[in-house]
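**Student:** One structure, pasted below without further comment.
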Amino acid sequence: MKHEWIETHTSHFLILTLLVISIGGLVEIVPLFLIKNTVETVAGVRPYTPLELLGSNIYQREGCYLCHSQMIRPLQEEWLRYGHYSLAAESQFDHPFLWGARRIGPDLARVGGKYSNTWHIQHITAPRSLVSRSRMPNYLWLKDRPLQYSDIEAHLRALVRAGVPYSENQEQYDKNVALFGKDVANRLVISRARENLLAQVAGNADGNVVSPTEMDALVAYLQILGTLVDFKKYDEGYFARFR
Amino acid sequence: MLDANHPMVVQTTSHIWDGDIQEFNNLPPRGWWRAFYATVVFSVFYWIVHPAWPFGGDYYTKGILNKIEYQSQGVTVYAHWNTRALLLHTLQQQDGAAGRKEYLEKITAASPREIVADVELMAFSRSLAKRLFGDNCVSCHGNNVANASFGGAWFAGGIGLEGFQQTIENGIGAGSRGGWVMPAWKNRLSVPEIKALAVYASQLSSARTEPTDKK
């Protein structure tokens, strides 16, 4: 084939380039879709509650993932520092997943429960007041900005389309009860989203319940990261069997 | 370069830019070709040795000659090569793993007071706790009195070693998460880790009451 045929026709060049590049992606990704074991069978992982979901949206909006990964790799160093390696099952309800690749700050996959809410609020507002050499920006506005949640139902419905089991009718609700138990299923009902959201803010106690802030949502999200699976229930070799 | 002594022997890519700029269509150097074919041969070798091809369901080629051995619930398990099994293998069988296990078991069995009394256990416990303290506690407690940053939380030492252990296990403050002053660590850290930290924290607190003690 003459170079000229490729190099002087943009469309030929484009199509061939795409073909070549996609081979790498296809060979690496498609096999994982074909193997059932990719997502481990494990109890406890549930979709985000409405408040946590909005927290995740703020996490994305503020670009926290540019400095923080949420992916603990199965390496000794990471095991020692962050805890159990991340499971595919733990991000099965994330759209988009926030694994990230850059670590200017520490990995956050298991940050839930590591600090108190008050610590998070102070740290996000003024990181250097707690960690004197921190490079994290001051997110001054999150504490005062009211949380925009009037469109929460639309967010949940969009995720339903992506396969996340929030429930719209009795049948779906019953399914969720079977999957996650009654408590969790109640928090996944779309028509009760606002009520659930406000109740969760009130439960976290330090928010102004009348008008929840963006900080309330972000911290609620951070506090469940990596806490859903109880690893004490599984023996060490169990998750290796899925590979 | 092109003259009577150097006749044009290579093709050009056959199209011309800006009226007169042409490009030679030389083959890459031979060394480059060799390396390229070597990568092709390597990939075939890699497919055979490593887990590679899926055939639907849960079946995929597991590779050969790549067994990894690890212990799970007291039984020796052999798995095909994968990073999770490799991690367990490393943690269980690398240099010093047996010794570390032995010390962790001793710490689990000992009371914090017994740890302090045993010089060897104490040395192990301190190096374990130093790392854990850096990863988990410094951001609130600081690493000396001067930079204890969060709520002035420095160790008073009034509650004794067992008190420290219980505080670390259960955290401070009850009720919802928002009410927590210090999180509970019993679900994040193991028993020997918590004991080692209790001892470590108590030593930091005595370092405060005797500031002249440089050790």
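The values are calculated or read from the model by the stated rules, or taken from the named source; none is laboratory data. Every value quoted in this text rests on a predicted model; they were computed, and no experiment measured them. Note that we place each Cβ from the backbone using ideal geometry, even for glycine, and neighbour counts take in every protein chain shown. Protein only, heavy atoms only, side chains kept; ligands, DNA and RNA dropped before computing areas. Shrake-Rupley method; radii C 1.70, N 1.55, O 1.52, S 1.80 Å.
**Student:** State all residues of region B:43-67 that are within 11 Å of chain A (Cβ to nearest Cβ) and more than 19 Å from A:ILE35 (Cβ to Cβ); if no residue qualifies, say none.
**Tutor:** The answer is B:SER43, and nothing else.
**Student:** Separate question: Looking at A:LYS233, is it over 22 Å from the mean Cα position of the chain (by Cα), modelled with pLDDT of 95 or more, open to solvent by 30 Å² or more (accessible area, probe 1.4 Å) and within 16 Å of A:ARG46 (Cβ to Cβ)?
**Tutor:** On the way: over 22 Å from the mean Cα position of the chain (by Cα): yes; modelled with pLDDT of 95 or more: no; open to solvent by 30 Å² or more (accessible area, probe 1.4 Å): yes; within 16 Å of A:ARG46 (Cβ to Cβ): yes.
Judged against the criteria, A:LYS233 is not a match.
**Student:** Let me ask something else. Quick check, is B:MET1 modelled with pLDDT under 85, farther than 22 Å from A:LEU32 by Cβ, touching a Leu at 6+ places or on another chain (Cβ under 7 Å) and open to solvent by 50 Å² or more (accessible area, probe 1.4 Å)?
**Tutor:** no
**Student:** Is it the case that B:LEU91 is closer than 30 Å to B:ALA79 by Cβ, within 14 Å of chain A (Cβ to nearest Cβ), in contact with a strand residue (DSSP E or B) (Cβ under 9 Å, 6 or more places away or on another chain) and crowded, with 16+ Cβ neighbours inside 10 Å?
**Tutor:** In short, yes.
**Student:** Return the residues of region A:199-223 that are surrounded by fewer than 19 Cβ atoms within 10 Å (Cβ to Cβ) and either farther than 23 Å from A:ALA154 by Cα or free of Cβ contacts under 8 Å to residues at least 60 places away in the same chain (or both); say none if nothing qualifies.
**Tutor:** Answer for region A:199-223, where residues must be surrounded by fewer than 19 Cβ atoms within 10 Å (Cβ to Cβ) and either farther than 23 Å from A:ALA154 by Cα or free of Cβ contacts under 8 Å to residues at least 60 places away in the same chain (or both): A:ALA199, A:ALA202, A:GLY203, A:ALA205, A:ASP206, A:ASN208, A:VAL209, A:VAL210.
**Student:** Return yes or no: is B:TYR78 within 28 Å of the chain's Cα centre (by Cα), within 12 Å of chain A (Cβ to nearest Cβ), modelled with pLDDT of 90 or more and exposed (fewer than 13 other Cβ atoms within 10 Å of the Cβ)?
**Tutor:** Considered against the rule, which asks whether it is within 28 Å of the chain's Cα centre (by Cα), within 12 Å of chain A (Cβ to nearest Cβ), modelled with pLDDT of 90 or more and exposed (fewer than 13 other Cβ atoms within 10 Å of the Cβ), B:TYR78 comes out as yes.
**Student:** Could you say which residue among A:ARG46, A:ARG73 is modelled with pLDDT of 95 or more and open to solvent by 80 Å² or more (accessible area, probe 1.4 Å)? If you could, list the steps in order and put the result at the bottom.
**Tutor:** On the way: A:ARG46 fails: open to solvent by 80 Å² or more (accessible area, probe 1.4 Å).
Checking each option against the conditions leaves just A:ARG73.
**Student:** While we're here: Just a yes or no: is a residue in region B:117-132 without any contact (Cβ under 8 Å) to a residue 12 or more places away in the chain and closer than 29 Å to A:SER86 by Cβ?
**Tutor:** Yes, because at least one residue in region B:117-132 is without any contact (Cβ under 8 Å) to a residue 12 or more places away in the chain and closer than 29 Å to A:SER86 by Cβ.
**Student:** Here's a check for you: in region B:103-145, which residue that is closer than 27 Å to A:PRO106 by Cβ and of a type in the set (Lys, Arg) is nearest to the other protein chains (Cβ to nearest Cβ)?
**Tutor:** Per the stated criteria, the residue is B:ARG131.
**Student:** Go through (1) open to solvent by 30 Å² or more (accessible area, probe 1.4 Å); (2) in contact with a helix residue (DSSP H, G or I) (Cβ under 8 Å, 6 or more places away or on another chain); (3) within 19 Å of A:TYR221 (Cα to Cα) for A:LEU156 and report which single condition fails.
**Tutor:** A:LEU156 satisfies all of (1) open to solvent by 30 Å² or more (accessible area, probe 1.4 Å); (2) in contact with a helix residue (DSSP H, G or I) (Cβ under 8 Å, 6 or more places away or on another chain); (3) within 19 Å of A:TYR221 (Cα to Cα) except (1).
**Student:** Tell me the residue from A:HIS68, A:HIS12, A:HIS84 that is farther than 27 Å from A:LEU198 by Cβ, more than 14 Å from every other protein chain (Cβ to nearest Cβ) and open to solvent by less than 80 Å² (accessible area, probe 1.4 Å), please.
**Tutor:** Numbers: A:HIS12 fails: more than 14 Å from every other protein chain (Cβ to nearest Cβ); A:HIS84 fails: more than 14 Å from every other protein chain (Cβ to nearest Cβ).
Just a single option satisfies the conditions, and that option is A:HIS68.
**Student:** For region B:26-37, indicate whether the set of residues that are free of Cβ contacts under 8 Å to residues at least 40 places away in the same chain and either in the same structural domain as B:LEU128 (by TED's automatic domain parsing) or of a type in the set (Val, Ile, Thr) (or both) is non-empty.
**Tutor:** no
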